[in-house]
Amino acid sequence: MTDFILKILVKGYDKGEKPTPATRRACGSAVSAVGIVANLLLAAIKLFAGVISGAISITADALNNLSDAGSQVVSLISFKISGKPADRDHPFGHARIEYVASMIVSFLVLLVGFELLTDSISKIFSPEPTTYSPIVIIILLVSVLVKLWLFFFGRGAARRISSEVVRAAATDSLSDAIATLAVLVSAIISHFSGFDTDAYMGVIVAVIILIAGIRILNETKNSILGSAPEPELVESVVKIVSEYPEVLGIHDMVIHNYGPGNTIASFHAEVDGAENVFYIHDAIDNLEKRLYSELSVRTTIHMDSIVTDDERVNELRSRVLTLVKSIDERLGIHDFRFVEGHTHSNLIFDVTVPFEMKTGNEEIKREVSSRISELDPNFFAVITVDRE
């Protein structure tokens, strides 16, 4: 259904192809437009139902749909802005505006939830009569079905175009469907039992809306602050690199996300220091081009020349790695160099430490240096700690 609608609304849409930036923006705008129309219609019919029934939960649900339409307007504007090309002030483009739009959506959802919560609590202490009719029940049922459809439509579109703001709107639609379903249950209970549950159900609906707003805010916050890259992307990069025999190992990989379709990465590639530098440079250039053509990742690769044909250096590297792993199996080393001197010799290397390890960097350095001194008193460790 999602692909069928997008094919009608978006010129050149093909579900079998990776969407171009222009197609992606057109899809996002189409989803936002559908959401605006649907939420305005739902707001109108539910406001009518709220007025004739006197139910605060229905009226609040109508205002929630109105805020959803506003959120979709924010989404629509964000897609227009995100399509602007890079400029001097924004050299990485404007795609991250979608994350800002998602945060605005979360604030609107939280505002509606808070207002509904305060109104519902007020009605608990100052109850007002509510009247439910078959037309009200039908309106609520239709609303639930429409919101569920918007959820599945938005979720499918978000997956196809990798959009945080569309995913946030879809999540909000699901919470709305649950909230309206709660109001519908309240209406049925009140109609058949005579006990007015409107205000209490309003509190439940408010909590559902607040939880959805917090979830959207948390997901958006991670995107803005800079979250860890998707494991699938890292695995794809490593797989492509492994196909180049010139690269003996990689480390210090950093991946920055400047919005959907705008990913920048860098890492250090260990290469044989005895090889011809022009030959190695050509291989690295080809690797960078391939990463962009296949993964759309613009990559900068730093070459780390290492000694591969010195038996003593290779033995020391192996012994130091074993020593470091005896402290904690999760530790590793890279960029190992051996500089021999008359009074002492330097072992220069980086120790890789997972973020989950609570031991401080200085403490790790002291422990590794101490064990290297036990290995040979004339060895002096020059250690850099890499958290990864």
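The values are calculated or read from the model by the stated rules, or taken from the named source; none is laboratory data. Since this is a predicted model, take the numbers as computed values, not measurements. Heads up, the Cβs are rebuilt from the backbone with ideal geometry, glycines too, and the neighbour counts pull from every protein chain shown.
Residue by residue, here is whether (1) assigned to a strand (DSSP E or B); (2) in contact (Cβ under 8 Å) with a residue 60 or more places away in the chain; (3) of a type in the set (Lys, Arg) holds:
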| residue | (1), (2), (3) |
| --- | --- |
| LEU291 | no, no, no |
| ASP309 | no, no, no |
| GLU315 | no, no, no |
| SER318 | no, no, no |
| ASP335 | yes, yes, no |
| ILE348 | yes, no, no |
| THR352 | yes, yes, no |
| LYS358 | no, no, yes |
| SER370 | no, no, no |
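The single condition among (1) of a type in the set (Val, Ile, Thr); (2) crowded, with 19+ Cβ neighbours inside 10 Å; (3) farther than 20 Å from ILE161 by Cβ that ILE97 does not meet is (3). Of the listed requirements (1) modelled with pLDDT of 90 or more; (2) surrounded by 15 or more Cβ atoms within 10 Å (Cβ to Cβ); (3) within 18 Å of SER242 (Cβ to Cβ), LEU295 misses just one: (1). The set of residues from segment 257-280 being surrounded by 14 or more Cβ atoms within 10 Å (Cβ to Cβ) and either touching a strand residue (DSSP E or B) at 6+ places or on another chain (Cβ under 6 Å) or in a helix (DSSP H, G or I) (or both) comprises ASN257, THR263, ILE264, ALA265, SER266, PHE267, HIS268, ALA269, GLU270, VAL271, GLY273, ILE280.
Condition first: surrounded by fewer than 18 Cβ atoms within 10 Å (Cβ to Cβ), without any contact (Cβ under 8 Å) to a residue 60 or more places away in the chain, out of contact with any Phe, Trp or Tyr (no Cβ under 6 Å at 6 or more places or on another chain) and of a type in the set (Val, Ile, Thr). Can you find one or more residues in segment 17-25 that meet it? Within segment 17-25, one or more residues are surrounded by fewer than 18 Cβ atoms within 10 Å (Cβ to Cβ), without any contact (Cβ under 8 Å) to a residue 60 or more places away in the chain, out of contact with any Phe, Trp or Tyr (no Cβ under 6 Å at 6 or more places or on another chain) and of a type in the set (Val, Ile, Thr).
Being assigned to a loop (DSSP other than H, G, I, E, B) and either in contact with a Ser or Thr (Cβ under 6 Å, 6 or more places away or on another chain) or at pLDDT below 85 (or both), is that true of even one residue in segment 156-173? The answer is yes; a qualifying residue exists. Among the listed residues VAL234, VAL203, VAL247, identify the single one that is assigned to a helix (DSSP H, G or I) and touching a residue at least 24 places away in the same chain (Cβ under 8 Å). Exactly one of VAL234, VAL203, VAL247 is assigned to a helix (DSSP H, G or I) and touching a residue at least 24 places away in the same chain (Cβ under 8 Å), namely VAL203. In segment 30-52, which residue that is closer than 14 Å to ILE138 by Cα and crowded, with 24+ Cβ neighbours inside 10 Å is nearest to the chain's Cα centre (by Cα)? Result: LEU42. Based on what the data block shows, is PHE338 aromatic (Phe, Trp, Tyr) and closer than 30 Å to VAL100 by Cα? No: the conditions fail for PHE338.
Of the residues making up segment 185-200, those that are surrounded by fewer than 22 Cβ atoms within 10 Å (Cβ to Cβ) and part of a helix (DSSP H, G or I) are VAL185, ILE188, ILE189, SER190, HIS191, PHE192, SER193, TYR200. For ILE104, the conditions (1) touching a residue at least 40 places away in the same chain (Cβ under 8 Å); (2) under 30 Å from ILE121 (Cβ atoms); (3) aliphatic (A, V, I, L, M) all hold with the exception of (1). If only residues of segment 138-176 that are of a type in the set (Val, Ile, Thr) and closer than 20 Å to ILE208 by Cβ are counted, the one that is surrounded by the fewest Cβ atoms within 10 Å (Cβ to Cβ) is VAL142.
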